[in-house]
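Right, one structure below, let's go through it.
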Amino acid sequence: MATVAETVALFHRADAVCFDVDSTVICEEGIDELAKFCGVGDAVTEMTRKAMSGSVSFKMALSERLSIINCSREQVNKLITDHPPQLTPGIKELVEKLHQRNVKVFLISGGFRCIVEHVASQLSIPLQHVYANRLKFYFNGEYAGFDDSQPTAESGGKGKVISLLKERYGFETVVMIGDGVTDLEACPPASAFIGFGGNVVRQQVKEKSSWYVMSFGELLKELEKKWQYLGMDI
């Protein structure tokens, strides 16, 4: 495992920073919020916990939870309108600073693209920098499954996305930040992983993270220290 100092140094020189979304960039788990909205919250929450701890395969957990929820297109749209995702404190400021220094920011999520795109717009992240799962609906708006060809629909998918980004853009140093096992497993190919516990602490992730933070303010402070050292105006 890398040391804290080594991980901090990689964060300082990152070409790109990839964020998980649920319980990282936003305060809640999108699939759990959708389940509550559709009246099946209790049945889905425990399955989400197992998926995040790595005790069942991600694709299996996703498929089973979506079958229980059985959401319509109208329900998804109404959820976003009535209960928009709540940004985690500090994320907007952190993304702004990364963008100011020409660090590319990506959202890589096992959640749903329709929700994650809403989050990306709030953070001024280009939609082509969003990688997430796609829900499918019939012409009448009823649930028709999900696109299981997306890399984010399976275990190890976030790592596949990062490999794709490195190949496509030529990034040398990519940092992954997230709260779950699927985020931790993305390093490698990510150059470094930073565990995030600001919304929920997953013990397995905390124990295996060389650098574990409880707020985005900690990351912002590290960037500011670097830029002040270099004499850069932030």
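The values are calculated or read from the model by the stated rules, or taken from the named source; none is laboratory data. What you see is a predicted model; the values in this text were computed from it and never measured. Virtual Cβ from ideal backbone geometry, glycine too; neighbours counted across all protein chains shown. Only protein heavy atoms, including side chains, enter the accessible area calculation; ligands, DNA and RNA are left aside. Shrake-Rupley method; radii C 1.70, N 1.55, O 1.52, S 1.80 Å.
Brief remarks on what is shown
- Accessible area of the chain belonging to carbon and sulfur atoms, whole % at 1.4 Å probe: 50
- Normalised contact order of the range 132-234, rounded percent, pairs of Cα under 8 Å and 6 or more residues apart: 16
- Residues with amide H under 5 Å from that of ILE26, placed H, sequence gap 5 or more: THR88
- Exposed-site-free run, longest, the chain (rule: trypsin sites (Lys or Arg not before Pro); DSSP loop; at most 15 other C-beta within 10 Å): 135-234
- Between the range 91-140 and the range 64-90, the alpha-carbon centres lie 15 Å apart.
- Its DSSP H runs of at least 4 residues, each contributing -39,500 (n - 2.57), put the calculated 222 nm mean residue ellipticity of the chain at -13500 deg cm²/dmol, to the nearest 500.
- Rounded to 10°, Cα long-axis angle of helix 73-82 versus longest principal axis of the chain: 50
- Entry for semi-axes √(5λ) of the Cα gyration tensor in Å (calculated from the structure that is shown) out of (1) 30, 18, 16; (2) 25, 21, 21; (3) 49, 20, 13: (1)
- Under 5 Å, built H, 5+ apart or other chain: amide partners of ALA132: SER109
- Residue-wise HN-Hα coupling along the range 170-175, computed from phi with Karplus coefficients 6.51, -1.76, 1.60 (Hz; x: Gly, Pro): x, 5, 9, 10, 10, 10
- Lysine-lysine proximity count for the range 26-153, Cα under 16 Å, sequence distance 8 or more or distinct chains: 4
- Helix 41-53 and the long axis of the chain differ in direction by around 40°, with both axes built from C-alpha atoms.
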